[in-house]
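**Student:** Could you have a look at this structure, given as structure tokens, before my questions?
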Amino acid sequence: MEIQVRNMMATPKILKKKQRKLMIKRFLSNRLAMTGFIIIVITTLIAILAPVISPYTPLKMSPTDRLMPPNSEHIMGTDHFGRDIYTRTVYGIRSSLIVGFMVAVLSNLFGTVIGLYAAYYRTLDHILMRICDGLMAFPAIMLAIAIVASMGPKISNVIIALTIVFTPTIARVIRSAALVVREQTYIEAMKAMGAKSWRIVWMHIFPNVLSPLIVQTTFVFAVTIIVEAALSFLGAGVPAPSPSLGNILYDGKSVIQLAWWVTVFPGLAVVVIVFGLNLFGDGLRDVLDPHDNK
């Protein structure tokens, strides 16, 4: 009898272990996910090692070297203040990744809480979703500009503004997935047995909405980097002279005909980061899709 009980207790653990191995195998065999993952790892290492791999400081000016084309000393050239574009781009990647990561984490945190409780409590659903609808009625960049303008251009304010912008999107995704789970028979059984609401929400509904949440995180991360670059380009993002991919592009627009390198290299950095995140998100969606039998 004891052996049967032990086998019954061990079975879920064995199944979870097999599922984990299968998921890892599917991830490693998915070209989109692996390509995106490699790009993300490389850009993250560049951001972390920025002080080590940069030959100069991002704020160092050299008027005698202004608008120099790419050469052996400045591999990406210099801007109109003589600052090294390679160094500023590397530090700009760091700023963009910090903002994107913080916004993704915070918007996921708030969006998950809002989405889960909106799905579970019908009364809250009407209130919270109408607030989300109101926020989503504004274009993301316009709403972010309005919030940052009222608070002042500062990296922490940019993070707060973009968190407010993207939280409703996460909330609606989580709510949609949680509504399906809430109607399952075992959830009704848990309610009938007198299980507490917080236990049902976090122990039984939340694990079943992780897949769309993880995929949505990568897309929010990518869009955040684009919006942050746009805000900095418009002067409402990371304030100059701190390096940001957006304000580097802003500095280069006035000299684009004389010095193409000032805008091309930071622009390529934005493209590569967003491309990697989108590939990673698409690959994860394929890997986590329970209906995908490939």
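**Student:** If you check T123, T112, which single one turns out to be of a type outside the set (A, V, I, L, M), in contact with a Leu (Cβ under 7 Å, 6 or more places away or on another chain) and either without any contact (Cβ under 8 Å) to a residue 24 or more places away in the chain or in a helix (DSSP H, G or I) (or both)?
**Tutor:** Testing whether each residue is of a type outside the set (A, V, I, L, M), in contact with a Leu (Cβ under 7 Å, 6 or more places away or on another chain) and either without any contact (Cβ under 8 Å) to a residue 24 or more places away in the chain or in a helix (DSSP H, G or I) (or both) leaves just T112.
**Student:** Which numbered condition in (1) of a type outside the set (V, I, T); (2) under 18 Å from the mean Cα position of the chain (by Cα); (3) under 30 Å from N30 (Cα atoms); (4) surrounded by 22 or more Cβ atoms within 10 Å (Cβ to Cβ) is the only one that P266 fails?
**Tutor:** (2)
**Student:** Is it the case that some residue within segment 36-51 is part of a helix (DSSP H, G or I), closer than 18 Å to S211 by Cα and touching a helix residue (DSSP H, G or I) at 6+ places or on another chain (Cβ under 9 Å)?
**Tutor:** Scanning segment 36-51 turns up at least one residue that is part of a helix (DSSP H, G or I), closer than 18 Å to S211 by Cα and touching a helix residue (DSSP H, G or I) at 6+ places or on another chain (Cβ under 9 Å).
**Student:** Filter segment 54-84 down to the residues that are of a type in the set (V, I, T) and either touching a Leu at 6+ places or on another chain (Cβ under 6 Å) or over 20 Å from V264 (Cα atoms) (or both) and list them by number.
**Tutor:** T57, T64
**Student:** Can you name the residue in segment 92-107 that is touching a residue at least 24 places away in the same chain (Cβ under 8 Å) and surrounded by fewer than 24 Cβ atoms within 10 Å (Cβ to Cβ) and is also nearest to S254 (Cα to Cα) among such residues?
**Tutor:** In this case the residue turns out to be R94.
**Student:** Just to check your reading of the model, which residue among F138, F166 is aromatic (F, W, Y), at pLDDT below 90, in contact with a helix residue (DSSP H, G or I) (Cβ under 9 Å, 6 or more places away or on another chain) and within 30 Å of S96 (Cα to Cα)?
**Tutor:** Criteria check complete, one pass: F138.
**Student:** How many residues does segment 196-216 contain that are under 21 Å from L284 (Cβ atoms) and surrounded by fewer than 20 Cβ atoms within 10 Å (Cβ to Cβ)?
**Tutor:** Residues meeting the conditions: 8.
**Student:** Here's another thing I want to ask about it. In segment 199-220, which residues are aliphatic (A, V, I, L, M), free of Cβ contacts under 8 Å to residues at least 12 places away in the same chain and over 14 Å from A171 (Cα atoms)?
**Tutor:** M203
**Student:** Got a number for residues in segment 244-263 being at pLDDT 85 or above and surrounded by 17 or more Cβ atoms within 10 Å (Cβ to Cβ)?
**Tutor:** Of the residues in that region, 12 qualify.
**Student:** Under the condition of being surrounded by 13 or more Cβ atoms within 10 Å (Cβ to Cβ) and free of Cβ contacts under 8 Å to residues at least 24 places away in the same chain, which residue from segment 139-160 is farthest from Q216 (Cα to Cα)?
**Tutor:** In this case the residue turns out to be M151.
The values are calculated or read from the model by the stated rules, or taken from the named source; none is laboratory data. Everything quoted here is computed from the prediction, not taken from an experiment. A quick note on method: Cβ atoms are made from the backbone with ideal geometry, for glycine too, and the neighbour counts reach across all protein chains shown.
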